[in-house]
1. Can you list the residues, at least 5 places off or on another chain, whose amide H is less than 5 Å from the amide H of residue 244, using H built in the peptide plane?
2. Taking the Cα centre as origin and putting +1 on Lys and Arg beta-carbons and -1 on Asp and Glu beta-carbons, what dipole magnitude results for region 283-342, to the nearest 20 debye?
3. Assuming R0 = 41 Å, can you tell me the calculated FRET efficiency for the pair residue 19 and residue 76, based on Cβ-Cβ distance, to the nearest 0.05?
4. Among residues other than residue 280 whose Cβ falls under 9 Å from its Cβ, what is the net charge (Lys/Arg +1, Asp/Glu -1)?
5. Sum -39500 (n - 2.57) across every DSSP H segment of at least 4 residues in the chain, then divide by the residue count to get the 222 nm mean residue ellipticity, nearest 500.
6. For residue 323, enumerate residues with amide H under 5 Å from its amide H, sequence gap 5+ or separate chain, H modeled in the peptide plane.
7. What is the local net charge at residue 123, summed over the other residues whose Cβ is closer than 15 Å to its Cβ (Lys, Arg +1; Asp, Glu -1)?
8. Any idea how far the Cα center of region 328-395 sits from the one of region 170-220, in Å?
Amino acid sequence: MLDPHLLRADPQAIARALANRGYQFDLPTYDALESRRKQLQVQAQELQTQRNQRSKEIGAAKARGEAVEPLLAAVADDGLRLKAAETALAALQAEFETFLLGIPNIPHESVPIGDDEHSNVEVRRWGLLPTFEFTPRDHVDLGQLHRAMDFEAAATIASGRFVVLSGMFARLQRALTQFMLDTHAELHGYREVYVPFLVNADSLRGTGQLPKFKDDLFEIPQQGFFLIPTAEVPVTNLARDAIYAADELPLKYVCHTPCFRSEAGSYGRDTRGMIRQHQFEKVELVQLVSPSESFVQLEALTAHAEAILQKLELPYRTMALSSGDMGFAATKTYDIEVWLPSQNTYREISSCSNFGDFQARRLKARWRNPATGKPELLHTLNGSGLAVGRTLVALLENFQKADGSITIPPALRPYMGGIATLVKP
């Protein structure tokens, strides 16, 4: 949620910044709500002051032996009017908060300005693209060849956009997950956590998925839960209502979870294979940092995600997202895109974002600034390190051979019991 003080100081400047990401800020509604808020706040303060003054007059009148019944009646009337004003103010503040919850974050000044992904800027590129003396198969054909990837069975069990992995492909997914967790925990200094896969609405509101993106979620209304769309939600909520000492920061968490998304609005996109599914695995990186460190830590977190691809020898590129292509809560985002031979293009495998204090304001996640001794809002960051299913897809396609066998990159072989090649059965 945006800082209300920034909005009050210069709402027109906020509107211009939001326009850079294609969002039309409703200035008339904001002005009307703010005007009404000020009016009710002043009214409540005046009534409280008047009531306090009359209460003092009652004490003085009693001391002088004068009748106080008229003053008591006036105080009671003041109390009724004050309660009505406070009730109206509370209702207005709830309406105001709902309005503010629908406003996206402001793009950082370093973000390229543009309408969509066509304005994204390539920051760097790593690795050589593979060359094949044969027509490379996509991961679906490789899965069928190895009898280890079954979309029909998954559709019978659930529906489309699910998959059953078996045999060496199931083991490969498990190996990739363990490899990512170990790398981030042992080399990059993240603390591994295990979290619930079901969360309440407050958790999703805190990280920005609610109320705007409810249609993207799987809800279990009978118990008041939602399936998590990403580990970002439960892990970032570890800081809800907390105040951290400066020497506790940065807090760095790594977490592996399944993720569940309805893929609302993606009808007809990536219907073949594992690229866009209702259920998938991710290893997520989350950082909670002091404001002065957040953009430095964004670069570090992005590098940590890139390191997985480098160790797996998978070619990729890193893109700075334009203002019109960023997620709702982000102030700056890098997308890491891995090369997929079957599509002859790079596809997103990680999105690394700095949210500034946008999520922290919703969560009341704070740190105590030693310079002032007062609690201040944290900055939150997160990124996939990596999406496990897409990493599996990239590995299968980039390391395939003409006979359908798949080479296991050296860094992953210890997690595969020393197996260097997957041979079709």
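Taken together, the values in this text are just the output of simple stated rules run on the coordinates, not laboratory data. What you see is a predicted model; the values in this text were computed from it and never measured. Cβ atoms come from the backbone with ideal geometry, glycine included; neighbour counts cover every protein chain shown.
1. Here the answer is 366, 367, 368, since their amide H atoms fall under 5 Å of that of residue 244.
2. Working: 3 positive and 8 negative charges, 5 e Å.
In debye, rounded to 20, region 283-342 gives about 20.
3. Details: r = 51 Å, r/R0 = 1.25.
In this case the efficiency is close to 0.20.
4. Values: positive: 261, 276, 282, 390; negative: 281.
My count for the surroundings of residue 280 gives +3.
5. Numbers: 12 runs with 163 residues, N = 425.
About -12500 deg cm²/dmol.
6. Answer set, sorted by chain and number: 113, 114.
7. Details: positive: 124, 125, 317, 332; negative: 117, 122, 299, 306, 325, 335, 337, 348.
Summing Lys/Arg as +1 and Asp/Glu as -1 gives -4.
8. Value for the Cα centre distance between the two parts: 12 Å.
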